[in-house]
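Enquirer: I'd like to ask some things about the structure below.
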Amino acid sequence: MTIAVLAVQGDFAEHEAMLESLGAEVFEIRELSDLDRPFDGLVLPGGESTVQGKLLRELGLFEPIRERIMSGTPVFGTCAGLILLAKRLSNDDNVYFDALPVTVRRNAYGRQLGSFYAEEEFKGIGKIPMTFIRAPYIESAAEDVDILAQVDGNIVAARRGNVLGISFHPEVDGDTSVHRYFLDMVEGK
Amino acid sequence: MENRYELNKNLAQMLKGGVIMDVTTPEQARIAQEAGACAVMALERIPADIRAAGGVSRMSDPAMIKGIQEAVSIPVMAKCRIGHFVEAQLLEAIEIDYIDESEVLSPADDKYHIDKTKFKVPFVCGAKDLGEALRRINEGASMIRTKGEPGTGDVVQAVRHMRMMQSEIRRLVSMREDELFDAAKLLQVPYDLVKYVHDNGKLPVVNFAAGGVATPADAALMMQLGAEGVFVGSGIFKSGNPAKRAAAIVKAVTNYTDAKLIAQLSENLGEAMVGINEQEIELLMAERGK
């Protein structure tokens, strides 16, 4: 199984290490020619969504990646990645892939002093560590979206079909269960 | 507090592969964000102007920093003087995302750095070599950058510092375990940090390049030498076309091995900052705080 990791900016290396530890083959997408390689799933890492969104467009990656997502390639976004996947942002005019019908609030917990760590239930997995770094959360979701986790009443993980969006950073916690969940999605389990 | 330190190291992880730009006004901050900066450093004067003006250089006016916080959605950093823990307390009070305890400002303490373990907000500190980097980390820094020589537009010292750190890291990795005790003594740092570097082949925190980066090629050079991201200070807003240069540097950092692309990015950028050569510098900021 081959997973492509968007590597234009952010903590892509942590995702790669996590996926490799689970036996996946991993490569990075930094420019258009990287998309020539076939892949079974795509990861959009944490980082700054404004930077990633801009680089996606200017490096010509945006449309081809959007087409892959729309045609059913499994995709997993964390933090900035969730923002890129959302249909709407409540406090920002940008819209990127519009692949997950949810409304996301950017920097929903405020500045770095608002960053925090929690342990909460993730549907189908159980209690897992969750690290929120200047994180967004999902304010509202369409009816057909599966809510996978909530913290203090706010949605922090959701899935619809091939699209998984999470507002925290499983890639930095040493717990592989969410990545395992995504690889199971890719395998169609 | 341990937990807070992890969160602060994690924020630096999110900045990786990005460019942090010095800005002095909300307008510049917006230009930087628009150009793809992953964070901005709010300061009253960029290093080149601090160098030109001389005199004592201090933390910026909190009102000016707040103006920049309101102008952008990306993280905002600000500088305090080395050892000036009250300036750091003020920056924490206005909820800055990252404090740079910086040699660019006049040091407030010629012996002690700030005990950064006492703060909730993260700190980035400059270093010329592995010993300095690990001492700052021991004091609680959750991100390191090379000192370089700020405000010169000359990359030579950032190159020297990054090469020095990487070479010392490789040396530690190659050592027998029983040699690490002596290495800790020589580096004047705790053994457990030396052991971490030996085991992992890298610093326990993110390591950026800073000081003298002026062109897309400079930025890519630092990335190829092992930097995980780049600070650009005077290089952008002291140049002919800041927005274009800033955007070009951002792309050069993402695709730092693609020479063809960087060549394209380097076309018609307008004038780079004039710069000062190493031999012409009167004040070596990198010698502040060891």
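Enquirer: Within the bounds of region B:14-36, is there any residue that is more than 14 Å from every other protein chain (Cβ to nearest Cβ), out of contact with any helix residue (DSSP H, G or I) (no Cβ under 9 Å at 6 or more places or on another chain) and aliphatic (A, V, I, L, M)? Break it down into steps so the answer makes sense when it comes.
Expert: Our first condition is that a residue be more than 14 Å from every other protein chain (Cβ to nearest Cβ); within region B:14-36, this holds for B:22-28.
Subsequent filtering for residues that are out of contact with any helix residue (DSSP H, G or I) (no Cβ under 9 Å at 6 or more places or on another chain) retains none.
No, region B:14-36 contains no residue that is more than 14 Å from every other protein chain (Cβ to nearest Cβ), out of contact with any helix residue (DSSP H, G or I) (no Cβ under 9 Å at 6 or more places or on another chain) and aliphatic (A, V, I, L, M).
So that you can scan it fast, the table gives a plain yes or no per residue for (1) open to solvent by 10 Å² or more (accessible area, probe 1.4 Å); (2) among the hydroxyl-bearing types (Ser, Thr, Tyr):
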| position | (1), (2) |
| --- | --- |
| B:Ser167 | yes, yes |
| B:Asp178 | yes, no |
| B:Pro216 | no, no |
| B:Gly226 | yes, no |
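Enquirer: Give region A:13-45 a look and list any residue that's among the hydrophobic types (A, V, I, L, M, F, W, C) and surrounded by fewer than 18 Cβ atoms within 10 Å (Cβ to Cβ), or say none.
Expert: Scanning region A:13-45 gives A:Ala13, A:Ala17, A:Leu22, A:Phe27, A:Leu32, A:Leu35.
Enquirer: Further, regarding this structure: Any residue that is in contact with a Cys (Cβ under 9 Å, 6 or more places away or on another chain) and touching a residue at least 40 places away in the same chain (Cβ under 8 Å) - is there at least one of those in region B:50-61?
Expert: The initial filter retains those residues of region B:50-61 that are in contact with a Cys (Cβ under 9 Å, 6 or more places away or on another chain), namely B:58-59.
Among the residues that remain, those that are also touching a residue at least 40 places away in the same chain (Cβ under 8 Å) are: B:58-59.
Among the residues of region B:50-61, at least one is in contact with a Cys (Cβ under 9 Å, 6 or more places away or on another chain) and touching a residue at least 40 places away in the same chain (Cβ under 8 Å), which makes the answer yes.
Enquirer: Next up: Quick one: is B:Asn8 open to solvent by 10 Å² or more (accessible area, probe 1.4 Å) and either within 26 Å of B:Glu149 (Cβ to Cβ) or not in a loop (DSSP other than H, G, I, E, B) (or both)? Quick ask: steps written out before the conclusion?
Expert: On the way: open to solvent by 10 Å² or more (accessible area, probe 1.4 Å): no; either within 26 Å of B:Glu149 (Cβ to Cβ) or not in a loop (DSSP other than H, G, I, E, B) (or both): yes.
For B:Asn8, the condition - open to solvent by 10 Å² or more (accessible area, probe 1.4 Å) and either within 26 Å of B:Glu149 (Cβ to Cβ) or not in a loop (DSSP other than H, G, I, E, B) (or both) - is not met.
Enquirer: Pull out all pairs, ordered by first then second residue, where Cβ-Cβ is under 6 Å, the residues are six or more apart or on different chains, the first lies in region B:150-177 and is among the hydroxyl-bearing types (Ser, Thr, Tyr), and the second is assigned to a helix (DSSP H, G or I).
Expert: Every condition considered, no pair remains.
Enquirer: Quick one: B:Glu139 ticks every box in (1) without any contact (Cβ under 8 Å) to a residue 60 or more places away in the chain; (2) farther than 14 Å from B:Gly289 by Cβ except a single one, so which number is it?
Expert: Only one criterion is unmet by B:Glu139, namely (2).
Enquirer: Kindly establish whether B:Glu282 is closer than 30 Å to B:Ile82 by Cα and open to solvent by 20 Å² or more (accessible area, probe 1.4 Å). Even if it seems obvious, please write down each step before you answer.
Expert: Details: closer than 30 Å to B:Ile82 by Cα: yes; open to solvent by 20 Å² or more (accessible area, probe 1.4 Å): yes.
The answer is yes for B:Glu282.
Enquirer: Restricting to region B:49-86, give me the number of residues that are within 24 Å of B:Glu27 (Cα to Cα) and in a helix (DSSP H, G or I).
Expert: Just the residues of region B:49-86 that are within 24 Å of B:Glu27 (Cα to Cα), to begin with: B:49-53, B:57-80.
When the remaining residues are screened for being in a helix (DSSP H, G or I), the result is B:49-53, B:62-71.
So the answer is 15.
Enquirer: Considering (1) open to solvent by 10 Å² or more (accessible area, probe 1.4 Å); (2) of a type in the set (Val, Ile, Thr); (3) at pLDDT below 95, say which one B:Ile262 fails and leave the rest.
Expert: The single condition B:Ile262 does not satisfy is (3).
Enquirer: Of all the residues that make up region B:26-53, how many are modelled with pLDDT under 95 and β-branched (Val, Ile, Thr)?
Expert: The qualifying residues number 2.
Enquirer: Same structure, new question: If B:Ser239 passes every condition in (1) farther than 30 Å from B:Ala108 by Cβ; (2) of a type in the set (S, T, N, Q); (3) part of a strand (DSSP E or B) but one, which one does it miss?
Expert: Of (1) farther than 30 Å from B:Ala108 by Cβ; (2) of a type in the set (S, T, N, Q); (3) part of a strand (DSSP E or B), only one is false for B:Ser239: (3).
Enquirer: Counting residues that are within 14 Å of another protein chain (Cβ to nearest Cβ) and surrounded by fewer than 21 Cβ atoms within 10 Å (Cβ to Cβ), which strands (runs of 3 or more DSSP E) fully inside region A:80-189 reach at least 1?
Expert: Numbers: elements: A:86-89, A:100-105, A:116-122, A:126-132, A:137-141, A:146-151, A:154-160, A:163-166.
Fully inside region A:80-189 and qualifying: A:86-89, A:100-105, A:116-122, A:126-132.
Enquirer: Could you tell me which of the residues B:Glu95, B:Glu87 is surrounded by fewer than 24 Cβ atoms within 10 Å (Cβ to Cβ), without any contact (Cβ under 8 Å) to a residue 60 or more places away in the chain and either among the small types (Gly, Ala, Ser) or under 18 Å from B:Leu7 (Cβ atoms) (or both)?
Expert: Details: B:Glu87 fails: either among the small types (Gly, Ala, Ser) or under 18 Å from B:Leu7 (Cβ atoms) (or both).
One residue alone meets the criteria, B:Glu95.
Enquirer: Any residue at all in region A:46-60 that is away from chain B (no Cβ under 14 Å), surrounded by 20 or more Cβ atoms within 10 Å (Cβ to Cβ) and among the β-branched types (Val, Ile, Thr)? Spell out the reasoning first.
Expert: First, pick out the residues of region A:46-60 that are away from chain B (no Cβ under 14 Å): none.
The answer is no; no qualifying residue exists.
Enquirer: Kindly indicate which of B:Ala214, B:Ala252, B:Ala219, B:Ala246 is closer than 23 Å to B:Arg30 by Cβ, more than 12 Å from chain A (Cβ to nearest Cβ), within 18 Å of the chain's Cα centre (by Cα) and part of a helix (DSSP H, G or I). Steps first, please.
Expert: Working: B:Ala214 fails: part of a helix (DSSP H, G or I); B:Ala252 fails: more than 12 Å from chain A (Cβ to nearest Cβ); B:Ala246 fails: more than 12 Å from chain A (Cβ to nearest Cβ).
Selected residue: B:Ala219, the only one of B:Ala214, B:Ala252, B:Ala219, B:Ala246 that is closer than 23 Å to B:Arg30 by Cβ, more than 12 Å from chain A (Cβ to nearest Cβ), within 18 Å of the chain's Cα centre (by Cα) and part of a helix (DSSP H, G or I).
The values are calculated or read from the model by the stated rules, or taken from the named source; none is laboratory data. Just so it is clear, the structure is predicted and the values come from calculations on it, not from any experiment. Virtual Cβ from ideal backbone geometry, glycine too; neighbours counted across all protein chains shown. SASA here: full protein model, heavy atoms, side chains in, ligands and nucleic acids out. Shrake-Rupley method; radii C 1.70, N 1.55, O 1.52, S 1.80 Å.
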